[in-house]
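Chemist: Take this structure first; my questions come after.
No lab work stands behind these numbers, since they all come straight from the coordinates. Worth saying up front: this structure is predicted, and the values here are computed from it rather than measured. Cβ coordinates were reconstructed from backbone atoms using ideal geometry, including for glycine residues, and neighbour counts include every protein chain displayed.
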Amino acid sequence: MHPVKIVDLFAGPGGLDVAAEKLGVATVGVEWDASACMTRRAAGLATVEGDVRRYGPSDFPEADVLAGGPPCQTFTVAGAGAGRRALDEVLRFVKRMVAREDREEIERDLAKLEDERTGLVLEPLRWALEAIDDEKNTAYRAIVLEQVPAVLPVWEAYAAALDDEGYEVDYGILRTEEYGVPQTRKRAVLIARKGDEKVALPKPTHRPYRKGVPREAGDQGLLEWATMADVLDRRSPFLVISNYGTGGDPKARGRRSSQEPSATVTGKIRRNRVFSLDGVELERFSLAEAGRLQTFPADYPWSGRDVGQQIGNAVPPRLAMHILCAAFGWKPPEDMLLESLTTWRSVRDPEFASLERAVETDVEYV
């Protein structure tokens, strides 16, 4: 299949959209965060600033692919855990939505959840079912969803629902370093395609990272995992000491050398400390460097406030490119396509230069 347009829910600064546009597929993103919308507009990505709950398929009739990465804060291990505690309730909501219970009643019950963000994980299902049920629209030809691993049971419930609606579905946990991202990060991913043709999550192209295991070890049919040094323009080797404690122990700070992938990039990446191998503290990661660890283009025009959080929340474009190709039934992206992710604009025009200066002076770190 060749999609016409992707409507991307909870689109953030554009991780999936960057990949799609490089693949030649048009996108429009729905995003409520004003700063993320500033970044998207600076990058030239079509954007609707607003709450996805106020929109539906009929507002984007040209879109034939649905994508979404709902907010993860209530499900992530680093958060308070309201979403994890409400998981059984969320799964019951999936059944009620599939049974086409009264929408207003469901919305009233969703409002009773401990954290309203938990219910946002159900929005892609609402969109998918509305597109199926609306006689004026056609069902989405493909659906792509990603979230933190704790959401996998929700995607499993989605898969059963979509299977009943005539979709072929696959879902599971993907490790970013297995797709050439210089970072270890796990994501729960679902892809679905309308019709009888089988779909499958993308196969790994790189070896999994294992602490203490040489990158040249392992399956010789796969490439070596990418390192921080592969994408960051730093002259000398370095060591990164994480802001987070390993195993919940704040004194056991995670450590990675520049010859390893980065630990998961979070919104607090600027708090990670960087040292030379002889113990001299170096400049911490810049916003551009944090973006590169997520495989955003080096010249991506980050804008607005809390850029670190925008970067940490985003899906890595390189991973997104592999996922989209699998969802569309295309062969895995070739090296030339993947290399195209290193730059966004070929001409550094005055407008882009002014945006860069604004990022350096107007960003707040929290």
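Chemist: Please check: in the Gaussian network model of the chain (C-alpha springs, under 10 Å), which one of 158, 179, 55 has the largest mean-square fluctuation.
Modeler: 55
Chemist: Long-range amide H contacts for residue 262: which residues qualify at under 5 Å (H placed 1.01 Å from N, peptide plane, sequence gap of 5 or more or a different chain)?
Modeler: 183, 184, 228
Chemist: Taking only DSSP H segments of four or more residues, each worth -39500 (n - 2.57), what value at 222 nm results for the chain once the sum is divided by all its residues, to the nearest 500 deg cm²/dmol?
Modeler: So the calculated ellipticity at 222 nm is -8500 deg cm²/dmol.
Chemist: Turning to a different aspect of this structure: Note down the net charge around residue 61, summing +1 for each Lys or Arg and -1 for each Asp or Glu among other residues with Cβ under 15 Å from its Cβ. Kindly include the intermediate steps, with their values, before the conclusion.
Modeler: Numbers: positive: 5, 136, 141; negative: 59, 62, 64, 130, 133, 134, 135.
Around residue 61, the charge tally is -4.
Chemist: Then there's this: So which lysines pass the test for residue 331, namely a Cα distance under 27 Å, with those fewer than 8 places away in the same chain ruled out?
Modeler: Result set, ordered by chain and number: 5, 22, 186, 194, 198, 203.
Chemist: Under the rule of at least 5 residues apart or a separate chain, name every residue whose amide H is placed under 5 Å from the amide H of residue 5.
Modeler: Residues meeting the criterion, in which the H sits 1.01 Å from N, are 64, 65.
Chemist: Right, something else. About the Cα centre of the chain, what is the dipole size in debye to 20, counting +1 per Lys and Arg Cβ and -1 per Asp and Glu Cβ, all else neutral?
Modeler: Here the chain has a charge dipole of around 1340 debye.
Chemist: Just tell me which lysines come within less than 24 Å, Cα to Cα, of residue 112; anything on the same chain fewer than 8 places away is out.
Modeler: Result set, ordered by chain and number: 95.
Chemist: In the stretch 1-151, if the dipole is taken from +1 on Lys/Arg beta carbons and -1 on Asp/Glu beta carbons about the Cα centre, which of 91, 138, 128 is farthest to the positive end?
Modeler: After comparing all options, I get 91.
Chemist: To continue, here is another question. Output the Cα-based Rg and Dmax of the stretch 40-189 in Å, rounding Rg to one decimal and Dmax to a whole number.
Modeler: 15.8, 46
Chemist: Ranking 5, 112 by Cβ neighbours within 10 Å, fewest first, what do you get?
Modeler: 112, 5
Chemist: I need the peptides 276-284, 113-121 ranked by packing, meaning the mean over residues of other C-beta atoms within 10 angstrom, with the highest value on top.
Modeler: On the way: 276-284: 10.4, 113-121: 19.6.
Descending mean neighbour count gives 113-121, 276-284.
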